[in-house]
Amino acid sequence: MILFALLLIPFTYLMLALLIKKAGIKKRLAILFSTLNLLWAMALVPIVQYREIIVVQMGGWSAPFGISLVADRFSVLMLLVTAFIFFLITVYATQSVDKARRKNGHFFFTFGILMGVNGSFMAGDLFNLYVWFEVMLMSSFILVSLGGERKQLEGSIKYLILNLISSLFFVAGIGLLYGKLGSLNLADLSQKMELARANLAVLNPALILIFVGFSIKGALFPFFFWLPASYHTPPPAVSALFAGLLTKVGIYSLIRFYTLFLYYDAGFWQQVVLWMGALSMVIGVIAASSQYDFRKILSFHIISQVGYVVIALGFFTEAALTAAIFFLVHNMLSKTNAFLVAGWVHREKGTLNLKVLGDMFKKSPVWGILFFISAFSLAGLPPLSGFFGKYLVLQSGIEAGYTGVAMLALFVGLFTLFSMVKIWLEVFWKKQPEDSAMEWPVNQKPAHWMLFSSLALGTAIVAMGLWAAPIAEYCQAAAQDLLNPSKYIEYVLGPS
Amino acid sequence: MEYIIAIFIGLLYACGVYLVLRRSIVKVILGVFVLSNATNLIIFLSGGITRGGAAFIPEGAETVDPATISDPLPQALILTAIVISLGISAYILALKYRYFDVTGTHDLDQLKNTDQR
């Protein structure tokens, strides 16, 4: 029940929202249920500290036969950050998303995403993971196109087709893996792979298919094209939700998959993961620096930042996995907040083109400072969370003997700083070019809840930098569990 | 029988990839449907196929020869995958219809406005 509630809360909202017609009540219920979800996720943290890995067997079927929900420290951390971000974005959306969209199910589908994301973080079964992916994707397909503007429809066709193909890769991989090993339970599969260590080559097609599926979802280097083509089309509150949660689910699954399966053949996979991570880092950041749209720059930076997590996964030491988890959390917070600020700029000016914007700092210093915090946290300036994230990644890389990749990460950080300074100068600092001052109606409606969300995230980013040590300690405990799959197997399947 | 189905799956994948690479959005969508059917068949085949064996264990039987009964799990997986792809197919066709309404085109080359230039 303790884990099941995280699925039940969004599900209850979905059912209630179907019955209720009034937009006002839907909005209040959305805030209520996202608060409940946050409180429940917070309650899981002390439980996981005490029980280490929480396992729930659905329907009372014992482990390899039924569906297990599993949450170790890593999952719980992800669930908590997801719940926090989701709550703030729900509050933000009450003022940022227009009434027509809210009436037509904006909150309904965001809760669909929440349910899918929560499910994916807890899935202990490969096919179950696929189903949660689909729940999440289906809701996100609709959210991208909700509103039916031309660019939205265009973006959603690209988003939809590439993500469907990634799902097909994933399912084909699951089918082949089942055919070879006869199980779908992650723990059971991992155990069986250890027994079949001599003939692992026969599993490679299945593993590669699943790996490609996760890489498309996580927007890694050769597979990222859907992301910058679609993330800047929906309303900013939706982009923020996607940027904070969706690719991170792909990366989470990749880390889980790597630590349970791929490490058996580390010689090959380590190279693949390192190359893909390094190339995502470099290409994402270079593509971003040529853009002149606020949200497009941030979208390309998602690819680049995901690369940091993946190279840390490639180093594959305890310190490196600690760094990967820490960086993932930092990135979810900072990236979401940057998108929230973009949403405010869009609301005030009706455009996100850097060339025609300007003077935003004069307009509202508070929002300016909030952007400053999240952007320079992404760029890795102390004392913000990004500094410690990057520091941990670099340190673990050099310790593991991958100095070249670590130096590359440092170099990419420089480019990130360049893009962030560019946005800062163009949007907030420079004088707005007079000939480009458009007729955009001054928005009279208050934006205090938008500001509240962004302030809360900004505070979280600063707090994560100031209290980096206890968080890193928690991440380290999570990394130790990840590096010890036999513990995961024992908790899920019971002591052998 | 496995060989025939395997070759058939290969053909389906080839058709699907060919359709996905076409310029018309409708053909791309049809290609995705073909690919998803091919994937369902992969699951079916990889679970092992037995001729005429039901997925039941006779009552009171202590041991059963695995060659005589079929594995119910891949079939359950396919059923789930079919249901999911049904929902997605309905949605993607509606999206295509709406897109055609707004723009009056189904040429993929017209979809360049949101790209990263």
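Every number here is computed from the coordinates shown, using simple stated rules; none is lab data. Just so it is clear, the structure is predicted and the values come from calculations on it, not from any experiment. Methodologically, a virtual Cβ is constructed for each residue, glycine included, from the backbone with ideal geometry; neighbour enumeration extends over all protein chains shown.
Summary table below
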read-out: Filter on A:Lys180/A:Lys390; A:Lys248/A:Lys422; A:Lys151/A:Lys335; A:Lys21/A:Lys363; A:Lys151/B:Lys27; A:Lys26/A:Lys151 - keep pairs with C-alpha separation over 31 Å; value: A:Lys180/A:Lys390; A:Lys21/A:Lys363
read-out: Local electrostatic count at A:Ile251 - Lys and Arg +1, Asp and Glu -1, tallied over other residues with Cβ under 14 Å; value: +4
read-out: Distant alpha-carbon pairs in region A:164-254 (separation over 23 angstrom), percent; value: 35 percent
read-out: Cα-based shape type of region A:84-178, given that a ≥ b ≥ c are square roots of the gyration tensor eigenvalues and the cut on a/c is 1.5; value: oblate
read-out: Candidate aspartates and glutamates - alpha carbon under 19 Å from A:Lys445, same-chain residues fewer than 8 apart omitted; value: A:Asp98, A:Glu348
read-out: Inter-chain shielding of B:42-51 (mean C-beta neighbours from other protein chains, 10 Å cut-off); value: 4
read-out: Per-residue HN-Hα couplings for region A:284-295 [Karplus 6.51, -1.76, 1.60; θ = phi - 60°; Hz; x = Gly/Pro]; value: x, 6, 5, 4, 5, 6, 9, 8, 10, 10, 3, 6
read-out: Residue-averaged beta-carbon neighbours from other chains (10 angstrom radius) around A:283-293; value: 1
read-out: 15 Å beta-carbon shell around A:Ile461, net charge (K/R +1, D/E -1); value: +2
read-out: Value of [θ]222 nm, deg cm²/dmol, for chain A, DSSP H segments ≥ 4, -39500 (n - 2.57) each, nearest 500; value: -25000 deg cm²/dmol
read-out: Neighbourhood net charge (14 Å Cβ-Cβ; Lys/Arg +1, Asp/Glu -1) for A:Leu181; value: -1
read-out: Convex hull of Cα atoms in region B:30-112, direction-averaged projection (nm²); value: 7.5 nm²
read-out: When the convex hull of its Cα atoms is projected in every direction, mean area for chain A (nm²); value: 21.5 nm²
read-out: Nearest-ten-degree value, helix B:25-46 long axis tilted from longest Cα axis of chain B; value: 10 degrees
read-out: Whole-angstrom Cα spans of region A:190-235 along principal axes, big to small; value: 50, 18, 12
read-out: Helix axis angle, A:247-260 relative to chain A longest principal axis, alpha carbon, degrees; value: 20 degrees
read-out: Longest to shortest principal axis, alpha-carbon extents of region A:242-364, angstrom; value: 55, 24, 21
read-out: Once the Cα gyration tensor of region A:1-138 is diagonalised, semi-axes √(5λ) in Å; value: 28, 16, 12
read-out: At most 14 other Cβ within 10 Å, DSSP loop - trypsin sites (Lys or Arg not before Pro), region A:406-436; value: A:Lys431
read-out: Listed residues A:Leu19, A:Ala71, A:Thr110: farthest to the positive end of the dipole of region A:1-154 (Cβ charges); value: A:Leu19
read-out: 0 to 90° range, to nearest 10: angle between helix A:365-379 axis and chain A longest Cα axis; value: 30 degrees
read-out: Size of electric dipole in the protein assembly as shown: Cβ of Lys, Arg +1 and of Asp, Glu -1, about Cα centre, debye, nearest 20; value: 2140 debye
read-out: Whole-number D in µm² s⁻¹ for region A:1-76, Kirkwood Cα-pair radius fed into Stokes-Einstein, 10 °C, 1.306 mPa s; value: 114 µm²/s
read-out: Listed residue (A:Ile142, A:Phe223, A:Val171) projecting farthest to the positive dipole end of region A:109-245, Cβ model; value: A:Phe223
read-out: Per-q log10 I(q)/I(0), region A:226-307, q = 0.15 Å⁻¹ (Debye; single scatterer per alpha-carbon; no solvent); value: -0.60
read-out: Relative contact order, percent, region A:1-127 [alpha-carbon distance under 8 Å, six or more residues apart]; value: 37 percent
